[in-house]
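Structure record follows, encoded as structure tokens.
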Amino acid sequence: LTLIPPYQAEQLFAEKVLEDVAAATTSFSLEVGQKEWFGLEHDIEVMLIEPNPSLEDLHGKLLRELGKVGIGIESMKYVASNFRPHITIKSYHDSVPQKGEVLKVDHIALMYKNSRARKLIAKRNLQ
């Protein structure tokens, strides 16, 4: 579940945001919605997430805190009112969530990502 699209930032600032938001957020559950296809060519399979106030609140907290440390959130395309929470389905995933399945959100993570690799930088449990 991607909460914020990729952005460039000093790792220290991004980790501080992660820490502050995790400390101020309680874990919650969300429900998987229908399958949809994203991307310019509609070739990226996703499972949408049903509307959820706790998820919207978490997304908002992350945006506000990133803005406070100078991350240019105003230039991000898929945030705030354009945020469509989803889980991207990849062929290498062990399991695919199904419509109606309830998932628990109990942590947030900071990932490093480029065209060749992804790496977990930090993970913080929610309260």
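Values quoted throughout were computed directly from the atomic coordinates according to the rules given, and no laboratory measurement underlies them. Computed from a prediction, not measured in an experiment: that's the story for all the values here. Note that we place each Cβ from the backbone using ideal geometry, even for glycine, and neighbour counts take in every protein chain shown.
How big is the convex hull of the Cα atoms of the chain, per residue, in Å³?
With only Cα atoms used, the chain gives 119 Å³ per residue.
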- Message: Give me the one-decimal nm value for the distance between modelled label points at Lys77 and Ala109, 7 Å along each residue's Cα-to-Cβ direction.
- Response: 2.5
- Report the local net charge at Lys99: Lys and Arg +1, Asp and Glu -1, summed over other residues whose C-beta lies under 10 Å from its C-beta. -2
- Message: Below 8 Å, C-alpha to C-alpha, sequence gap of six or more: please give me the relative contact order for the chain in percent.
- Response: 37
- Computed from the beta carbon distance with a Förster radius of 22 Å, FRET efficiency for Tyr92 and Ile44 to the nearest 0.05 stands at 0.95
- Message: Suppose every Lys and Arg Cβ carries +1 and every Asp and Glu Cβ carries -1, with no other charges. What dipole size does the chain come out with about its Cα centre, to the nearest 20 debye?
- Response: 340
- Quick one: helix 11-23 against the long Cα principal axis of the chain, what's the angle to the nearest 10°, folded into 0 to 90? 70
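Length gain on complete extension for the stretch Lys119 to Lys35, per 0.36 nm per residue less the alpha carbon to alpha carbon distance?
Taking Lys119 through Lys35 to full extension adds about 27.6 nm, to one decimal.
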- Query: Using the Cβ atoms and a cut-off under 13 Å, what net charge is assigned to the surroundings of Phe13, where Lys and Arg are +1 and Asp and Glu are -1?
  - Reply: -3
- Note on the structure: For Thr2, the net charge from surrounding residues (Cβ-Cβ under 11 Å; K, R +1; D, E -1) works out to +2
- Query: Considering the chain as a Gaussian network with a 10 Å cut-off on Cα pairs, which listed residue, Phe83, Phe13, Phe38, attains the greatest mean-square fluctuation?
  - Reply: Phe38
